[in-house]
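The values are calculated or read from the model by the stated rules, or taken from the named source; none is laboratory data. From a predicted model like this one, the values you see are computed outputs, not experimental measurements. A quick note on method: Cβ atoms are made from the backbone with ideal geometry, for glycine too, and the neighbour counts reach across all protein chains shown. Just the protein is used for accessible areas: all its heavy atoms, side chains included, with ligands, DNA and RNA removed. Shrake-Rupley method; radii C 1.70, N 1.55, O 1.52, S 1.80 Å.
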2 protein chains.
Amino acid sequence: MTTQQLVAQIKQKKSFLCIGLDVDLEKIPKHLLNLEDPIFEFNKAIIDATHHLCVAYKPNTAFYEAYGIKGWQALAKTITYINKEYPEIFTIADAKRGDIGNTSTMYAKAFFEDLAFDSVTVAPYMGKDSVEPFLAFKNKHTIMLALTSNEGAFDFQTKKVGELELYKQVLETSKNWKNAENLMYVVGATKAEYFKEIRKIIPTSFLLVPGVGAQGGSLQDVCKYGLSENIGLLINSSRGIIYASNSDDFAKVAALKAKELQQQMELYF
Amino acid sequence: MTTQQLVAQIKQKKSFLCIGLDVDLEKIPKHLLNLEDPIFEFNKAIIDATHHLCVAYKPNTAFYEAYGIKGWQALAKTITYINKEYPEIFTIADAKRGDIGNTSTMYAKAFFEDLAFDSVTVAPYMGKDSVEPFLAFKNKHTIMLALTSNEGAFDFQTKKVGELELYKQVLETSKNWKNAENLMYVVGATKAEYFKEIRKIIPTSFLLVPGVGAQGGSLQDVCKYGLSENIGLLINSSRGIIYASNSDDFAKVAALKAKELQQQMELYF
C-alpha cells in the first residue's frame, strides 16, 4: 500500500484509528474457546465489527508466537482474512525486529512476502544496515521505534547523545537512510509533550502512537502536537477496544469503543 | 540450565563454541530438498556431527520465520531434538526481542516455555521493563545486545551518552536490574579491542560473541581481552561451519571446521 492510499483511506473514513489485535486466550470470551481456532475467530469478529471505523490493524506478534504453531497459523489466517475482505486496511506486524543485514532481509521477507503485511515495526539499536533491508521493499513501510510509551523509555531513549536525546538522534540519523520515505516511527502517547519537538525533525512522517487508553495517553494532546497536514498519525488502541466486553456481545462493544475514538478523531477533519 | 552447568560443560569439552543454525534453503545441499523437512534434516545432521565439539546451538529465528508455518515447525523440531538427544547443550533463541512488559512476558513464555530454549537474545532500546520479564524466569538466561558486530553499531551504540558510550551505558544500567545474574550480553568479535573496557564493567558475565569467521573477527583477540576466570565467552560461528560444504559430506566438513575452532579454544584451558 502506498502512503497516498493510506491517506485517502484516512480522509474517507475520517479516522486514524489503529486497532491492536493482541489476543490473549485468558481474556477473550469463554464461548470462543470451544471453537477450532479461537484466536482467529476472535479477530474475525472484531475485524468484521470495526473495519469501517479504523484504518489499520496491528497484531503484536508476541501474542501469537506465545501459542507456538497454532498461534502462527492464527496470525497467518488473520492477515489473509484482512487482505481478502478489507484490502483498503493498512496492516502492521508489530514485531519490533532488528538484526544484521542478511538476517533483516529474512525478517522482511517473512512479514512483507510470506505474510503480506503492509508494514512491520523494527528496533533501531543495530543501526542503518539492520533497517535498510526492510526499507528496500517497494510500497511496504518500516515503522521504527523512536520514543516508546513505557517507563523504560527513560533508561536510554531520553538520555542525551551529544546535543540530542537518543530518540531524536534516531530520527535525525534515520531520515537520511536509503528509501527513508518508507519510514514511519513509533512515538508513545504517554509522552505527548515530546511531539512538538519530534515534528520539528520529521514534519510529515507517519507516527504510530500506542499508549492511548489503557496506558493513560490523551488523544487530544497527541493531536494537538502531532498532527501533520496529511494527518500523519495512526493512533493505536488494543485492550481498550478488544477487551471492552468479554461476553457474547464483545464485538459489538468493541465497535462502540472504536466508534467513540473515531468520533473524537472526526473533529480534526 | 544453570550457569554452573554451562561452565561445567565448557570445561569438560574444552570448548566455548556456539554453532549458529541459520538455515537458508538456497545454501543447503540440494539432495536435502527432496525430504519432507529439509531444514530439520539439515540441522539434525549438523547437530549429530558437531555436538561433542560445541557447547551451544543458536538458531536465528528470522531464518525460520521466513518460511512461515513450516519454518516454525522446523524450529520446534530442532530444539526438541537437541533437548532430547543432547540435554547438556545450551540453547539460544537468537530472536532479538523487546517489547513493553506484558508483551515481553508473552515472548519469554514463547521461547522459555513453549519452545524450551535455555536463553533468548533481546534488544535494550525499550529499557528495564522490556527486559525484566525475561529475567524473571529461573535458570533461563537473557542475552542482551550491547555492541553488535555490524557496521550499524557505530550509528548509535558507540555514541557518547554523557560520559559513556551507549553500549557501556547499557551494561552499567542493566547490571542493576532485578535478577541481573540471568543476564548475558552480545558483543561482536569484530570489535575485539572493546572487550577490555567491557570487562571492567562486567568482569564475569557471559558474552555471546558473533562475528568470528565470515565477518572477520579474530578468536585470539577476543580471548585475549574477553576471557573471564570461568571462560565467560560463547563464540559463535554460523556460515563458516554449517556451509563449509554443500555436498553430501556437509555434516562431516562442518565437524572438521568446528574441530578447528575447538582446537584453538583448547589452548585456553
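Check which residues have an amide H placed less than 5 Å from B:Leu233's amide H, if you skip close sequence neighbours.
B:Leu207, B:Ser228
Which percent of the accessible heavy-atom area of the protein assembly as shown goes to carbon and sulfur, probe 1.4 angstrom?
On the way: 9720 of 19890 Å².
Reported share for carbon and sulfur atoms: 49 percent.
Using only the alpha carbons of segment A:1-46, determine the length spanned along each of the three principal axes and report them from longest to shortest in whole angstroms.
Principal-axis extents of segment A:1-46 (Cα, largest first): 41, 16, 14 Å.
Pop out the ³J(HN,Hα) list for segment B:56-65 in order, Karplus 6.51 cos²θ - 1.76 cosθ + 1.60 with θ = phi - 60°, rounded to Hz; leave Gly and Pro as x.
8, 10, 10, x, 7, 5, 4, 5, 7, 4
Compute the Kirkwood hydrodynamic radius of chain B, taking the inverse of the mean of 1/r over all pairs of distinct Cα atoms, and give it in Å to one decimal. Could you put the intermediate results ahead of the total?
On the way: mean 1/r = 0.0537 Å⁻¹.
Evaluated on chain B, it is 18.6 Å.
If the viscosity is 0.890 mPa s and the temperature 25 °C, what Stokes-Einstein diffusion coefficient in µm²/s follows for the protein assembly as shown when Rh is the Kirkwood radius over Cα pairs? Walk me through the intermediate numbers first.
Details: Rh = 23.7 Å.
Result for D is 104 µm²/s.
Output the pairs from A:Lys168/B:Lys159; A:Lys140/B:Lys30; A:Lys109/A:Lys178; B:Lys138/B:Lys196; A:Lys224/A:Lys252 with a Cα-Cα distance over 25 Å in this structure; if there are none, say none. Let's see the in-between values first.
On the way: A:Lys168/B:Lys159 13 Å; A:Lys140/B:Lys30 32 Å; A:Lys109/A:Lys178 18 Å; B:Lys138/B:Lys196 30 Å; A:Lys224/A:Lys252 30 Å.
Check vs 25 Å cut-off fails for A:Lys140/B:Lys30; B:Lys138/B:Lys196; A:Lys224/A:Lys252.
Arranged from highest to lowest average of other beta-carbon atoms within 10 Å per residue, in what order do the peptides B:40-49, B:119-128, B:195-204, A:127-136 appear?
Values: B:40-49: 20.4, B:119-128: 26.4, B:195-204: 15.7, A:127-136: 22.4.
Final packing ranking: B:119-128, A:127-136, B:40-49, B:195-204.
What three numbers, in Å, describe the spread of the alpha carbons of segment B:1-92 along their principal axes, ordered from the longest?
In descending order, the Cα extents are 39, 22, 20 Å.
Per-residue HN-Hα couplings for segment B:200-211, Karplus 6.51 cos²θ - 1.76 cosθ + 1.60 at θ = phi - 60°, whole Hz, x for Gly and Pro?
Computed from phi, the couplings for segment B:200-211 are 5, 7, 10, x, 10, 4, 5, 10, 8, 10, x, x Hz.
Can you give the relative contact order of chain B as a percent, counting alpha carbon pairs under 8 Å and 6+ residues apart? Walk me through the numbers before you get to the answer.
Values: 483 pairs, mean separation 57.6, N = 269.
With pairs under 8 Å counted, the relative contact order is 21 percent.
In segment A:140-171, which residues give up 50 Å² or more of accessible area once the other protein chains are added, compared with their chain alone (1.4 Å probe)?
Going by heavy-atom accessible area, the residues of segment A:140-171 that drop by at least 50 Å² are A:Asn150, A:Asp155, A:Phe156, A:Val161, A:Leu166.
For labels at B:Glu88 and B:Lys14 in the simple 7 Å Cα→Cβ model, what's the distance in nm?
So the label points at B:Glu88 and B:Lys14 sit 1.5 nm apart.
Could you state the per residue volume, in Å³, of the convex hull enclosing the Cα atoms of segment A:91-183? Spell out each step's value before the answer.
Working: hull volume 8.1 nm³, N = 93.
Considering the Cα atoms of segment A:91-183, their hull volume per residue is 87 Å³.
Would you kindly derive the ³J(HN,Hα) couplings of segment B:110-122 from the backbone phi angles with the Karplus curve 6.51 cos²θ - 1.76 cosθ + 1.60 (θ = phi - 60°), listing them in order in whole Hz, with x for Gly and Pro?
4, 8, 7, 9, 4, 9, 6, 6, 7, 7, 9, 8, 9
Any chance you could tell me what percent of the C-alpha pair distances in segment A:140-238 go past 17 Å? Show your work: numbers first, answer last.
Numbers: 2253 of 4851 pairs.
Considering segment A:140-238, 46 percent of its Cα-Cα pairs are separated by more than 17 Å.
For the interface of B with A, what's the total buried accessible surface in square angstrom, probe 1.4 angstrom, rounded to the nearest hundred? Before the final figure, lay out the partial values.
Working: alone 12280 and 12280 Å², together 19890 Å².
Its buried surface, counting both partners, is about 4700 Å².
Using a label point 7 angstrom from Cα along Cα-to-C-beta, what distances in nm, from shortest up, separate B:Lys259 from the other copies?
From this label point to the equivalent ones elsewhere in the assembly: 7.3 nm.
B:Gln220 label points, 7 Å along Cα→Cβ, one per copy: pairwise distances from this copy to the rest in nm, shortest first?
6.9
Counting Lys +1, Arg +1, Asp -1, Glu -1, what net charge surrounds A:Pro29 among other residues with beta carbon under 14 Å of its beta carbon? Walk me through the numbers before you get to the answer.
Details: positive: A:Lys27, A:Lys30, A:Lys44, A:Lys252; negative: A:Asp24, A:Glu26, A:Glu41, A:Asp248, A:Asp249.
My count for the surroundings of A:Pro29 gives -1.
For segment B:107-134, list whatever residues lose no less than 10 Å² of accessible surface once every protein chain is in place, relative to that chain by itself, with the probe at 1.4 Å.
B:Tyr107, B:Lys109, B:Ala110, B:Asp114, B:Ala123, B:Pro124, B:Tyr125, B:Met126, B:Gly127, B:Lys128, B:Asp129
Hey, what's the protein assembly as shown come to in accessible area per residue, 1.4 Å probe, Å²? The partial results should precede the final answer.
Numbers: 19890 Å² over 538 residues.
On a per-residue basis, the protein assembly as shown sits at 37 Å².
A:Ala180 to B:Lys70: FRET efficiency via 1/(1 + (r/R0)^6), r the Cβ-Cβ distance, R0 30 Å, to the nearest 0.05? Before the final figure, lay out each step's value.
Working: r = 34 Å, r/R0 = 1.13.
That gives a FRET efficiency of 0.35.
Please give the charge dipole size of segment A:3-262, origin at the Cα centre, charges +1 on K and R Cβ atoms and -1 on D and E Cβ atoms. Round to the nearest 20 debye. Before the final figure, lay out the partial values.
On the way: 30 positive and 30 negative charges, 116 e Å.
Charge dipole, segment A:3-262, about its Cα centre: 560 debye, nearest 20.
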